[in-house]
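> The structure that follows is given in the form of C-alpha cells.
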Amino acid sequence: MTATTDGSTGATLPPRAAAASETDSQAPEAAGVQQAAAHAVRRATDFLLSRQDAEGWWKGDLETNVTMDAEDLLLRQFLGILDEDTTRAAALFIRGEQREDGTWATFYGGPGELSTTIEAYVALRLAGDSPDDPHMARASAWIRDQGGIAASRVFTRIWLALFGWWKWEDLPELPPELIWFPSWMPLNIYDFGCWARQTIVPLTIVSAKRPVRPAPFALDELHTDPARPNPPRPLAPVASWDGAFQRLDKGLHALRRAVPKRLRRAAMNTAARWIIERQENDGCWGGIQPRPSTR
C-alpha cells in the first residue's frame, strides 16, 4: 500500500509543468559523456522543479511492494487478530499488483520475484482465495517452476515456519548469544547496518523459541515435491563464502543442543533489553527486513 505523512493514501500533486529540456528528443550523444550527464541533470532538475508546490515543498506517495501487506496479514494471523476489513483491503491491493504471468515484483515494472510471489500467494490464501482460482494457479505454477518454497529467501521461510509450513530445523541458526559478541569479532550485530540489526536481534529470540501456530491450510502446491519439501543439496566448496557459512551453520545447529538453558535464557534477556532500549517514543521500532534473497 502507499502512505503519506498526513495519513492519506495518496498525494495530490500540483499540475506538472512541461520541462523545457523535455523538448529535446535525444541526449546529445556526440557531445561526449560530460555533456550527456549535464543534459540528464538538467532534465531531472526541471522535472523536480515542475513537481514542487508554490510554497516550496514536495509531496508524494511512499510506496513499497506487496510483501509488507502480506507479512502484515501473516503477523495478524499469528497473533490471532486478523480482521475482515484489514484482510479485504490488503487482499485487494495485493491482487491489483499481480503481474499477468501470475507473479509479483519487488519494484514497479520489475520482473517476477520468487519470495515476493510466495508471500503474496499465502496472504491471498489467508484472505480466502482458492488455489484453483486462475490467478492463484498461475502463481503457484510459476513458484514451482522456480524451485518452490525451498528456493525462497530465509526471511520468507521464517514467516512460513511460524505456521509449520517450513521446519525451523531447516532454517539457518540465529543464536541470541550474538548479542554478546564484541565489536571486533566477526558477525557481531554491529557488523550489520543499523536498519538490519533492529530486525536481526529480535529474530535471534524468535529463532531460539521457534514458535509455531496451527496452519489454517496446507501449501503443498508450492513445493516441487510435497513429499520432499526441502530436497537435499550438495554443500558449496569449502573455500567459498557459501560453503563457509553452510558449514558454520551446521556447527551452530549442533551447538544449539549443547547450550545450557540458563545461558540461552540470559542471552535472550540481554537481546530483549537491547530491543527495548531502541524503542521509539511512540512505541514503534525502526528497522528494515533486508530484501536480498539470502539463502
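No value in this document is a laboratory result; all are computed from the given coordinates. All values derive from a computational prediction rather than experimental measurement. Neighbour counts run over all protein chains shown; Cβ positions are idealised from the backbone, glycine included.
> In the range 38-76, which chymotrypsin sites (Phe, Trp or Tyr not before Pro) are in a loop and have at most 12 other Cβ atoms within 10 Å, using DSSP for the loop call?
Within the range 38-76, the qualifying chymotrypsin sites (Phe, Trp or Tyr not before Pro) (loop, at most 12 other Cβ atoms within 10 Å) are W57, W58.
> If I take every Cα pair under 8 Å that is 6 or more residues apart in the chain, average their sequence separation and divide by the length, what percent do I get for the relative contact order?
15 percent.
> Taking the alpha-carbon centroid of each part, what is the distance from the range 30-59 to the range 159-230 in angstrom?
Answer, in whole Å: 44.
> What GluC sites (Glu not before Pro) does the range 123-207 have in DSSP loop regions with at most 13 other beta carbons within 10 Å?
For GluC sites (Glu not before Pro) across the range 123-207 that sit outside H, G, I, E and B with at most 13 neighbouring Cβ atoms in 10 Å, the list is empty.
> Related question: At a threshold of 8 angstrom on Cα-Cα distance, excluding pairs fewer than six apart, so keeping six or more, what relative contact order does the range 144-199 reach in percent?
16 percent
> Then there is this: Could you work out which residue, out of R95, R228, R213, moves most in a Gaussian network model of the chain, that is, has the largest mean-square fluctuation with Cα springs under 10 Å?
Sorting by GNM fluctuation, first place goes to R228.
> How many nm separate the modelled label positions at F217 and R256, each set 7 Å beyond the Cα in the direction of the Cβ?
With each label placed 7 Å out from Cα toward Cβ, I get 2.9 nm.
> Separate question: How high is the relative contact order of the range 25-137, in percent, with contacts defined as C-alpha pairs under 8 Å that are six or more residues apart?
21 percent
> So, one more: Can you tell me which of 217-226, 115-124 comes out highest on packing, and rank the rest after it, using the mean Cβ neighbours within 10 Å?
Those peptides, ordered most packed to least, come out 115-124, 217-226.
> Of all the C-alpha pairs in the chain, what % are more than 36 Å from each other?
Here the long-distance tail beyond 36 Å is 33 percent of all Cα pairs in the chain.
> Among the lysines, select those whose C-alpha is under 27 Å from the C-alpha of K261, and discard any that sit fewer than 8 residues away in the same chain.
K167, K209, K250
> Give me P(r) over the range 132-202, computed from all C-alpha to C-alpha distances, binned every 10 Å, as integer percentages.
Final binned percentages: 17, 34, 28, 15, 6, 1.
> Add -39500 (n - 2.57) for each DSSP H run of 4 or more in the chain, then divide by its residues: what number comes out at 222 nm, to the nearest 500 deg cm²/dmol?
Taking each H run of at least 4 residues, the total per residue is -14000 deg cm²/dmol.
> Multiply the residue gap between K209 and L75 by 0.36 nm, knock off their C-alpha separation, and tell me the result in nm, one decimal place.
Using 0.36 nm per residue and subtracting the Cα-Cα distance, I get 46.6 nm.
> How far apart, in nm, are the 7 Å Cα→Cβ label points at D145 and D46?
My value for the distance between the label points is 4.2 nm.
> At what distance in nm do the modelled label points of A244 and D53 sit from each other, each positioned 7 Å from its Cα along Cα→Cβ?
Result: 5.1 nm between the two label points.
> Here's a follow-up. Would you please give the FRET efficiency between D85 and W285, computed as 1/(1 + (r/R0)^6) with r the Cβ-Cβ distance and R0 = 25 Å, to the nearest 0.05?
0.50
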